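Asks: For reference, the structure I am asking about is given below.
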Amino acid sequence: MEYRATNRRKVAFVILFAAIAAGAFFLTLSFGVYDISFSDSIGAFFGHLAGGYVDPTDDHYIWDVRTPRAIGAILVGAGLSVAGVVMQNDFKNPLADPYTLGISSGAFLGATLSLVLGISLIPALSGNTATVVNAMVFSLFPTAIIILVARFRRMTPVAMILTGIAVMYLFSSITQIILVSATAESLSDAYQWRVGSLNRVTWDSLPVMLAVDVVMILLLWLLSGKLNVMYAGDRGAQTLGETAQRIRVVTLVMASLMTACMVCYTGTIGFIGLVGPHVARIFVGSNNRYLIPASAAFGAAFVILADTVAKVSGANGLPVGVICSMIGGPLFIWILIRQRKSAWL
Amino acid sequence: MIVAAAVVVIVVIAAAAAAITRGGGDGDPGESIASQLQIMGNANDDYTIDDKDMEIVDDIIAGTKSFTDYPLADANNDGKVDASDKQLLQDIIDRKSGTVLRVMCLDTSGNNTVVDVEYPLRNVVTYATNMQLPVLYANGGQYIVGYFTSSYEVAEGSINPAAKDLEGSSREISDASWTLFTQLDAGLDTGVGAFLTDYSAVAQITASRQADLDAAGIPLIIYPSANAADEITTVLTLGFLFGGDCESLAVEYAQASWDVVNAIDSVVGDLSDSEKTTYISCTMWIYICEGDSTYNTTATDAGGNWYGNVNSGFGSTYSGDGSTKMQSVEALSNYQDVDVVINNRSMDWGLTADEMRDLIIDDCWEKDRDGYAVKDYFAGLEENMYFVNNILPGAVKLAYMAHILYGDDFSMEWADGILQQFIDMGTAPLEGQTVDSIPACIDHSDYLDAKA
């Protein structure tokens, strides 16, 4: 009975934060610089869906600007948080996330090459498309390097994560060299990209983000049993008939691809990939069957609420990455102090 | 007989029109120049140094005029006016080579200072676009021996081809670049004549670099030249320092500039704020200029009323002297009642029709900024948004802004005519250009035409 009750609480957590994310979706439509009431924003949203008359200005800001941004917030929050779950799980390390594995610094280097030097990996591309493609490709380099190094030299999970950190520093130093000689204009662009913003998410961005996010989260959830085996350690996994390294490589590639497809459109939104899994783990435990959907729900709710605050902060909004860290840091410390048992395993 | 009479009438009308458009007639060619030459000895504080200044010095020495009323009469800047000032002033009036001029400018803290410069000024090193272009507009590019950055191939094409690229950037003079500069100075027989920079870039002149300049005896000349009116003074003073044709060109440049200023003032000078056209200035496509920014100062000089003066919310949000990037395409959504948006862009010229079309579409209206086209940030304001080329002469920018703000009083043809006047003047950056090869003022109809 207690087991079932516990599981119901875990499911309830997922449903609660999914509901919060859904509610925040409609709430955030009325937030932004453009003044519009909650009821009018909802009216404009459903009016557009129904094909009825909507004030053209309302329609522009609600449907063309805020709706894709809100959907993007949900996808980014869910995707980065689940990526954090997988990375922490694969390396049995509470500090593993897209930052510490160098994925974000790889993406930033790729974006900087485009924004500052005008270099596109695909010469035919330019502007934002070149930045997106550069960021996506470069964000996969650290994972590729980690996997290659691990393949030729048997490495412990700690050594692998240290390899990621080394790659992060290498990429960061190259980026800094480029930025030193950047013009004020391109330096500003690079900085804006670095702090992460959902302002860049448009309807054009969503097909890739949505497809990759849904498919990868679903596949990782289906692999939750194998991810759970990783808790037993490499030798323990072997005794259970699984090859830990193979699981690690497959899930790491999936999580990295998912992260790449998020940050290439938004820039590096920090915090959620590290802390989302920890908060979810406090409430639902370490079983990935619950942890993955719980992290996705929490991450989605957190980022869309943070972006709601970001949109009405500063002169005409602030980057969501700043708000995520500003709100999330103290919140996480408070949760760590309040909870009694260890959140990690 | 009738034909002869007609010819006479045409000639008389043409002569009268020429006199009016030059604004001078038979009087002093620089009588309408309100800029003051920034050189000690310019006793009457006008646009040049001539016998009128000597008369004042004579009167001060004779005791019929007071030094306190004419502080610039102190040509050698020693705190008194005597025979030595008279001798120096005569050398300046004679434009005698080797004369040491006392040039008024700013120091690195923004305070007024005076530096010694040998006439005529040669072997200059320039830094910052806002100073480099005034040097070129005074046709001083031939005297540049080193520069830290050059971003506009055509507009800055008159930089002496032998000048050394010191490999800085618009944002920074690195230590390596500074070393190249000191090596350049050491390698020149007479050394670097002066280091010229705009006040907005003064952060690059650190205390140690100032000490390097002092030790090498290189005068540091700093002017604030981003504002159109300030730029006229800078060109005027630099032209005088370079001497010869540069001086006469600079006087003509200043004269033409002040003719524009006066033409604008004659129409909008008496308007109350409520009658003036409101504007929002932007730069770098999607950065909103703050109230005290130089871009706003220029638009205000063109007769505009900054939108922050009529919308307190906008005024408080965008107070300051810098610019704020729009964090979303909604940033201007609540300010749709502004009359015009002036988007300041630095754009090189020498463009073919195809290049112009590409620039209008790809580098202005549809330029990708954070996933959105620039025009998306100005939704609802497109028809009132204009790109103005920021590297044009200040008076030309004022002319186009006056057209944008008061199109009924200042036609596009009038503004184009001002640009043509500067092209015809012979200032090197505009040499060989036409009104059609320079992206001067781009509006929404230009965009629609380009798309068509």
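The numbers here are math on the coordinates, done by the rules we state, and not lab data. Just so it is clear, the structure is predicted and the values come from calculations on it, not from any experiment. Note that we place each Cβ from the backbone using ideal geometry, even for glycine, and neighbour counts take in every protein chain shown.
Asks: From Cα coordinates alone, what are the radius of gyration and Dmax values for the range B:29-94 in angstrom?
Replies: 10.9, 32
Asks: Still on this structure, please answer the following. Tell me, in nm to one decimal, what length is gained between A:Ala22 and A:Thr57 on full extension, where the rule is 0.36 nm per residue of separation less the Cα-Cα distance? Intermediate values should be presented prior to the final figure.
Replies: On the way: separation 35, 0.36 × 35 = 12.60 nm, distance 2.44 nm.
That works out to 10.2 nm of additional length.
Asks: Next question. Suppose every K and R has +1 on its Cβ and every D and E has -1 on its Cβ; what is the size of the dipole of chain A about the Cα centre, in Debye to the nearest 20?
Replies: Result for chain A is approximately 1760 debye, rounded to the nearest 20.
Asks: Here's another thing I want to ask about it. Going by a ≥ b ≥ c, the root eigenvalues of the Cα gyration tensor, does the range A:1-74 fall in the rounded group (a/c under 1.5), the prolate group (a/b larger than b/c) or the oblate group?
Replies: Numbers: a/c = 3.66, a/b = 2.97, b/c = 1.23.
Since a/c reaches 1.5 and a/b is larger than b/c, the shape of the range A:1-74 is classed as prolate.
Asks: Considering the options B:Ser208, B:Ala256, B:Tyr137, tell which one lies farthest towards the positive end of the dipole of chain B, charges being +1 on Lys and Arg and -1 on Asp and Glu at the Cβ, about the Cα centre.
Replies: Farthest towards the positive pole: B:Ser208.
Asks: Please compute, over every Cα-Cα pair in chain B, the percentage with a separation greater than 36 angstrom.
Replies: I get 33 percent for the Cα pairs in chain B exceeding 36 Å.
Asks: Only Cα pairs under 8 Å and at least 6 apart count here; give the relative contact order of chain B as a rounded whole percent.
Replies: 13 percent
Asks: Sequence neighbours fewer than 8 away in the same chain don't count; with that in mind, list the lysines whose C-alpha is under 20 Å from B:Lys276.
Replies: List returned: B:Lys397.
Asks: Something else: Among B:Glu231, B:Glu156, B:Glu383, which comes first, second and so on when ranked by fewest other beta-carbon atoms within 10 Å?
Replies: Least crowded to most crowded, the residues run B:Glu383, B:Glu156, B:Glu231.
Asks: Over all Cα pairs of chain A, how is the pair count split among 20 Å bins, expressed in % and running from 0 up to the last occupied bin?
Replies: All Cα pairs considered, the percentages come to 31, 57, 13, 0.
Asks: Can you list, bin by bin at 10 Å, the percent of alpha carbon pairs in the range A:193-289, starting at 0?
Replies: Computed distribution, short to long bins: 14, 37, 33, 13, 2.
Asks: Let me ask something additional. Work out from phi, with θ = phi - 60° and the Karplus expression 6.51 cos²θ - 1.76 cosθ + 1.60, the ³J(HN,Hα) of each residue of the range A:36-51, listed in order in whole Hz, and give x for Gly and Pro.
Replies: Result, ordered by residue: 7, 6, 4, 5, 5, 5, 5, x, 5, 5, 6, x, 5, 4, 7, x Hz.
Asks: Calculate how many DSSP beta bridges within the protein assembly as shown are antiparallel, expressed in % of all such bridges and rounded to the nearest 5.
Replies: Antiparallel bridges make up about 40 percent of those DSSP assigns within the protein assembly as shown.
Asks: Quick one: which residues, 5+ away or cross-chain, put their amide H under 5 Å from the amide H of B:Leu166? H built at 1.01 Å from N.
Replies: B:Tyr147, B:Phe148
Asks: Taking H placed 1.01 Å from N in the peptide plane, check which residues at least 5 places from B:Ile144 or on another chain put their amide H under 5 Å from its amide H.
Replies: Close amide H contacts, sequence-distant or interchain: B:Val124, B:Asn160.
Asks: Same structure again: Between B:Met412 and B:Ala162, what is 0.36 nm times their sequence separation minus the Cα-Cα distance? Round to one decimal in nm.
Replies: Length difference between fully extended and current span is 86.1 nm.
Asks: Rounded to whole Å, give me the distance from the Cα center of the range B:385-452 to that of the range A:277-291.
Replies: One Cα centre to the other: 63 Å.
Asks: Test of understanding: ordering B:Ile56, A:Ile272 by Cβ neighbours within 10 Å, fewest first, what list do you get?
Replies: B:Ile56, A:Ile272
Asks: Over the range B:54-153, what is the relative contact order in whole percent, taking alpha-carbon pairs under 8 Å and six or more residues apart?
Replies: This gives 16 percent for the range B:54-153.
Asks: Follow-up question, since we're still on this one. Which value does Rg/Rh take for the range B:296-362 over its C-alpha atoms, Rh per Kirkwood?
Replies: Rounded to two decimals, Rg/Rh equals 1.05.
Asks: Can you compute 3J(HN,Hα) from phi for each residue in the range A:266-275, using the Karplus curve 6.51 cos²θ - 1.76 cosθ + 1.60 with θ = phi - 60°, rounded to whole Hz and x for Gly and Pro?
Replies: Per-residue couplings from phi come out as 10, x, 8, 8, x, 6, 5, x, 8, 8 Hz.
Asks: If you add up the charges near A:Pro68, with Lys and Arg at +1 and Asp and Glu at -1, over every other residue whose beta carbon is less than 15 angstrom from its beta carbon, what do you get?
Replies: Values: positive: A:Arg66, A:Arg69, A:Arg200, A:Lys311; negative: A:Asp59, A:Asp64, A:Asp204, A:Asp213, A:Asp307, B:Glu330, B:Asp370, B:Asp376.
Within the 15 Å Cβ shell, the charges total -4.
Asks: Also, quick follow-up: Kindly state, to the nearest 0.05, the FRET efficiency for A:Ala166 paired with A:Tyr191, given R0 = 25 Å and r defined as their beta-carbon distance.
Replies: 0.55
Asks: I've got another one for you. Could you tell me how far the Cα centroid of the range A:1-52 sits from the Cα centroid of the range B:129-202, in Å?
Replies: Each part reduced to its Cα centre gives a spacing of 58 Å.
Asks: Return the sequence-ordered ³J(HN,Hα) values of the range B:369-385 in whole Hz as given by the Karplus equation 6.51 cos²θ - 1.76 cosθ + 1.60 applied to θ = phi - 60°, using x for Gly and Pro.
Replies: Ordered by residue, 3J(HN,Hα) equals 10, 6, x, 10, 6, 3, 4, 5, 6, 10, 4, x, 10, 3, 6, 10, 10 Hz.
Asks: For a Förster distance of 41 Å, can you work out the FRET efficiency between the beta-carbons of A:Ile122 and B:Asp94, rounded to the nearest 0.05?
Replies: 0.05
Asks: Say each of A:Arg153 and B:Asn334 gets a label point 7 Å from the Cα, pointing the same way as Cα to Cβ; how far apart are those two points in nm?
Replies: 5.8 nm
Asks: When the helix-only estimate is applied to chain B (DSSP H runs of n ≥ 4, each -39,500 (n - 2.57), divided by the residue count), what is the mean residue ellipticity at 222 nm, nearest 500 deg cm²/dmol?
Replies: -12000 deg cm²/dmol
Asks: So how strong a dipole does the range B:20-162 carry about its Cα centre when Lys and Arg Cβ are +1 and Asp and Glu Cβ are -1, to the nearest 20 debye?
Replies: 460 debye
Asks: Further question on the same structure: Given the convex hull over the Cα atoms of the range B:144-218, what projected area results after averaging over all orientations, in nm²?
Replies: Convex hull of Cα atoms, orientation-averaged projection: 5.1 nm².
Asks: At a 10 Å Cβ-Cβ cut-off, how would you order B:Glu413, B:Glu290, fewest neighbours first?
Replies: On the way: B:Glu413 10, B:Glu290 21.
Going from sparsest to densest Cβ surroundings: B:Glu413, B:Glu290.
Asks: Another question, if that's okay. Quick one: putting +1 on the C-beta of Lys and Arg, -1 on the C-beta of Asp and Glu, what dipole do you get for the protein assembly as shown around its Cα centre, in Debye to the nearest 20? Kindly include the intermediate steps, with their values, before the conclusion.
Replies: Details: 43 positive and 87 negative charges, 1564 e Å.
Roughly 7520 debye for the protein assembly as shown.
Asks: Wrap a convex hull around the Cα atoms of the range B:257-451, take a quarter of its surface area, and give that in square nanometres.
Replies: If I average the Cα hull's projected area over directions, I get 10.5 nm².
Asks: Follow-up. Based on the Kirkwood radius over alpha-carbon pairs, what is the Stokes-Einstein translational diffusion coefficient of the range B:71-155 at 37 °C with 0.692 mPa s viscosity, in µm²/s?
Replies: 221 µm²/s
Asks: If R0 is 30 Å, what FRET efficiency do you get for A:Ile15 and A:Asn93 from their C-beta distance, rounded to 0.05?
Replies: So the FRET efficiency works out to roughly 0.50.
Asks: Among A:Pro94, A:Pro207, A:Pro142, whose mean-square fluctuation peaks in a Gaussian network model of chain A (Cα, cutoff 10 Å)?
Replies: A:Pro207
Asks: Which percent of Cα pairs goes in each bin when the distances of the protein assembly as shown are cut into 10 angstrom slices starting at zero?
Replies: Taking every Cα pair in the protein assembly as shown, the percentages come to 2, 12, 18, 19, 16, 13, 9, 6, 3, 1, 0, 0, 0.
Asks: Among residues other than B:Ile342 whose Cβ falls under 13 Å from its Cβ, what is the net charge (Lys/Arg +1, Asp/Glu -1)?
Replies: Net local charge, B:Ile342 excluded: -1.
Asks: Can you find, among B:Thr297, A:Thr175, A:Leu274, the residue farthest towards the positive end of the dipole of the protein assembly as shown? Put +1 on the C-beta of Lys and Arg, -1 on that of Asp and Glu.
Replies: Value: A:Leu274.
Asks: Of A:Met216, A:Met326, A:Met168, which is the most mobile in a GNM of chain A whose springs link Cα atoms less than 10 angstrom apart?
Replies: With Cα springs under 10 Å in chain A, the top fluctuation among A:Met216, A:Met326, A:Met168 is at A:Met326.
Asks: Moving on to the next point. Only bridges whose two residues both fall in chain B count here: according to DSSP, what percent of them are antiparallel, nearest 5? Walk me through the numbers on the way to the answer.
Replies: Details: 18 of 43 bridges.
Bridges in chain B are about 40 percent antiparallel.
Asks: If I take every Cα pair under 8 Å that is 6 or more residues apart in the range B:105-243, average their sequence separation and divide by the length, what percent do I get for the relative contact order? Please report the intermediate quantities before stating the final value.
Replies: Numbers: 227 pairs, mean separation 48.4, N = 139.
Reported relative contact order: 35 percent.
Asks: While we're looking at this one, here's another question. Going by the alpha-carbon gyration tensor, a ≥ b ≥ c the square roots of its eigenvalues, is the range B:105-243 rounded (a/c under 1.5) or, if a/c is not under 1.5, prolate (a/b greater than b/c) versus oblate?
Replies: In terms of gyration-tensor shape, rounded.
Asks: Around B:Ser208, under 13 Å between beta carbons, what's the net of Lys plus Arg minus Asp minus Glu among the other residues?
Replies: So the environment of B:Ser208 carries a net charge of -2.
Asks: Return the long-range amide H neighbours of A:Met155 (sequence gap of 5 or more, or a different chain), with a cut-off of under 5 Å between placed amide H atoms.
Replies: Answer set, sorted by chain and number: none.
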